[in-house]
Every structure is written in structure tokens, then in C-alpha cells.
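J.: Here it is, the structure in full.
The values are calculated or read from the model by the stated rules, or taken from the named source; none is laboratory data. It should be emphasised that the depicted structure is a prediction, and the values quoted were computed from it without experimental measurement. Neighbour counts are summed over all protein chains in view; Cβ atoms, including those assigned to glycine, are modelled from backbone coordinates with ideal geometry.
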Amino acid sequence: MKYVVLAILWVVWCALHSAMISVTATNYLKRRAGRSYRFYRLLFNFIAFVTLVPVILYVQSVRGPVVFRWEGLLVIVQVILVVVAILLFLTGATHYDMLQLVGIRQIRRGTSYGALTKNGTLATRGVHGIIRHPWYLATIIIIWARELDVSALITNIILTMYVIVGTVLEEHKLLLEYGDEYRRYQKRVSMLIPFRYVKAKIVRYVRPGDEEKRSF
């Protein structure tokens with residue numbers, strides 16, 4: 001029963017988080033709140049954090065038997081995964097505006113950009129030229145690169161599904177905001193797994209003179 005409660009708590013938190021940043025909710029609040037909407041990002045972050053705390057505390061209270069440990073040579077894999085996740089966080093952060101992410105810049109400036117960059121332009125270079133959402137991939141990697149008990153396994157499954165669904169929903173918002181510019185970016189760069197980047201590198205290596213395939 002305690003694991004059912006845990007799953008329900010995570011699903012409710014994920015649903016609340018998604019509802020608050022949905023296009024329907026944000027567009028409605030923009031119309032109703034007017035200039036006060038500039039405080040919404042900060043309020044959203046506050047509510048997300050406050051409601052997350054009791055869920056995390058409950059997770060810690062229902063830790064069950066361990067179902068998976070990183071042992072032996074697997075520790076090397078674990079370290080590699082953690083390093084990759086950290087690099088994704090750090091390289092992604094160089095393209096994001098942390099003040100906008102928190103919600104401070106919206107209050108100062110009165111505007112907000114879906115891309116979370118300082119000037120509102122899409123970040124398409126560096127790690128964003130390899131995958132479109134490095135932080136989301138890093139989140140998935142980091143939650144799985146740990147010892148797994150029953151509660152952690154339930155948490156990871158729900159959060160992984162949430163991150164993937166949330167990524168798709170964010171893609172929809174970015175398409176509405178940036179239109180054809182974002183569609184071209186989608187065609188050029190993979191969402192989470194760098195298939196297009198790897199394929200382009202292979203094509204360049206195998207057929208370096210093929211300009212048509214080099215631009216894939």
C-alpha cells in the first residue's frame with residue numbers, strides 16, 4: 001500500500017507541475033493577470049519546490065529492499081554516466097539565463113521567453129547542436145545512476161515518463177513560439193538521444209566529399 005501512495009504522490013506532483021506550465025494555463029493567466037504575470041515563473045518555482053518536499057520526505061520514509069547496486073565493473077559505468085550528466089548540466093547552463101529560469105528576469109523585464117535564453121533566441125550551438133534538451137537527458141541519466149531500492153525504482157519510472165512527456169509538451173510550446181525556426185531545428189538536431197548528430201559524424205567520416213549528406 002505504501003508504494004501505491006508513493007506512486008500517487010509522484011503522479012499528482014507531476015500532473016500539478018505540468019498543468020501549471022501548460023499552454024492553456026499560461027495563456028489564460030497572461031490574459032487575466034496582465035502585468036502581474038511577470039511574477040508567475042517565480043511563483044511556479046516556489047510551488048513546485050514546496051510541493052516536492054513532502055514527496056521526497058515520503059520517498060525516504062518508505063525505502064524498501066535494494067533491487068540493484070552498481071558493483072564491480074558497473075561502478076565504472078556509473079561514474080561515466082554521472083560525469084556525462086554533469087557535463088550536460090554544465091554545458092546546457094552556459095546557454096540558459098539562470099535569472100529567467102528562476103523567474104527574476106521576468107519580474108525586472110516583464111517578458112518571458114520559452115527558450116529561457118537572455119535575449120529569447122534559440123540556443124542551437126554547443127551541446128544544443130547535439131541534442132535539443134540536454135538538461136532533461138541529464139535528469140534521466142542522474143536518477144538512474146544510483147542504487148535502486150523499490151521506492152527509487154517507482155520514482156524513477158514515473159519521473160522518466162514525466163520528463164519524456166514534459167519534453168514533448170515543451171516542444172509544442174516552442175513550436176508555437178518560434179514556428180518554422182524551431183521546425184528546422186527539430187529536423188537538424190535530435191530531441192534527447194543524439195541519433196542525428198552521430199549519423200552526421202558517420203556520414204562525414206565515410207563519405208567526406210558528399211556535401212548533400214554532410215548537410216543532413
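J.: Does TYR40 fit the bill of being surrounded by 14 or more Cβ atoms within 10 Å (Cβ to Cβ), under 29 Å from ILE107 (Cα atoms) and aromatic (Phe, Trp, Tyr)?
T.: Spelling it out, TYR40 is indeed surrounded by 14 or more Cβ atoms within 10 Å (Cβ to Cβ), under 29 Å from ILE107 (Cα atoms) and aromatic (Phe, Trp, Tyr).
J.: Scan the stretch 75-88 and give yes if some residue there is under 22 Å from ALA138 (Cβ atoms), modelled with pLDDT of 90 or more, outside any helix (DSSP H, G or I) and in contact with a helix residue (DSSP H, G or I) (Cβ under 9 Å, 6 or more places away or on another chain), otherwise no.
T.: no
J.: Hey, SER22 hits all of (1) under 18 Å from VAL163 (Cα atoms); (2) modelled with pLDDT of 90 or more; (3) exposed (fewer than 15 other Cβ atoms within 10 Å of the Cβ); (4) not β-branched (Val, Ile, Thr) but one; which does it fall short on?
T.: All conditions pass for SER22, except number (2).
J.: OK, next. Identify the residue in the stretch 113-138 that is of a type in the set (Ser, Thr, Tyr) and in contact with a Ser or Thr (Cβ under 9 Å, 6 or more places away or on another chain) and, among all such residues, is modelled with the highest pLDDT.
T.: TYR136
J.: Now for a separate question. Return only the number of the condition from (1) surrounded by 13 or more Cβ atoms within 10 Å (Cβ to Cβ); (2) in a loop (DSSP other than H, G, I, E, B); (3) touching a residue at least 60 places away in the same chain (Cβ under 8 Å) that THR117 does not satisfy.
T.: Going through the list (1) surrounded by 13 or more Cβ atoms within 10 Å (Cβ to Cβ); (2) in a loop (DSSP other than H, G, I, E, B); (3) touching a residue at least 60 places away in the same chain (Cβ under 8 Å), THR117 breaks only (3).
J.: Listed residues ILE164, ILE107, ILE141, ILE154; which is in contact (Cβ under 8 Å) with a residue 12 or more places away in the chain, outside any loop (DSSP other than H, G, I, E, B) and surrounded by 19 or more Cβ atoms within 10 Å (Cβ to Cβ)?
T.: From the options ILE164, ILE107, ILE141, ILE154, the qualifying one is ILE154.
J.: Sticking with this structure for a sec: Would you check if ARG38 is under 30 Å from VAL102 (Cβ atoms), touching a helix residue (DSSP H, G or I) at 6+ places or on another chain (Cβ under 9 Å), at pLDDT below 90 and not in a loop (DSSP other than H, G, I, E, B)?
T.: Considered against the rule, which asks whether it is under 30 Å from VAL102 (Cβ atoms), touching a helix residue (DSSP H, G or I) at 6+ places or on another chain (Cβ under 9 Å), at pLDDT below 90 and not in a loop (DSSP other than H, G, I, E, B), ARG38 comes out as yes.
J.: So how many residues does the stretch 165-189 have that are out of contact with any helix residue (DSSP H, G or I) (no Cβ under 9 Å at 6 or more places or on another chain) and on the phi < 0 side of the Ramachandran plot?
T.: 5
J.: Which number in (1) part of a helix (DSSP H, G or I); (2) loosely packed, with under 12 Cβ neighbours inside 10 Å marks the one condition that VAL67 misses?
T.: Among (1) part of a helix (DSSP H, G or I); (2) loosely packed, with under 12 Cβ neighbours inside 10 Å, the lone unmet condition for VAL67 is (1).
Per-residue answers, yes or no, for (1) closer than 20 Å to LEU99 by Cα; (2) within 22 Å of the chain's Cα centre (by Cα); (3) hydrophobic (A, V, I, L, M, F, W, C):
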position: TRP13; (1), (2), (3): no, yes, yes
position: VAL23; (1), (2), (3): no, yes, yes
position: LEU42; (1), (2), (3): yes, yes, yes
position: THR51; (1), (2), (3): no, yes, no
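J.: Considering only residues that are touching a helix residue (DSSP H, G or I) at 6+ places or on another chain (Cβ under 6 Å) and modelled with pLDDT of 90 or more, look in the stretch 190-216 and name the one that is surrounded by the most Cβ atoms within 10 Å (Cβ to Cβ).
T.: Residue satisfying both the conditions and the ranking: SER190.
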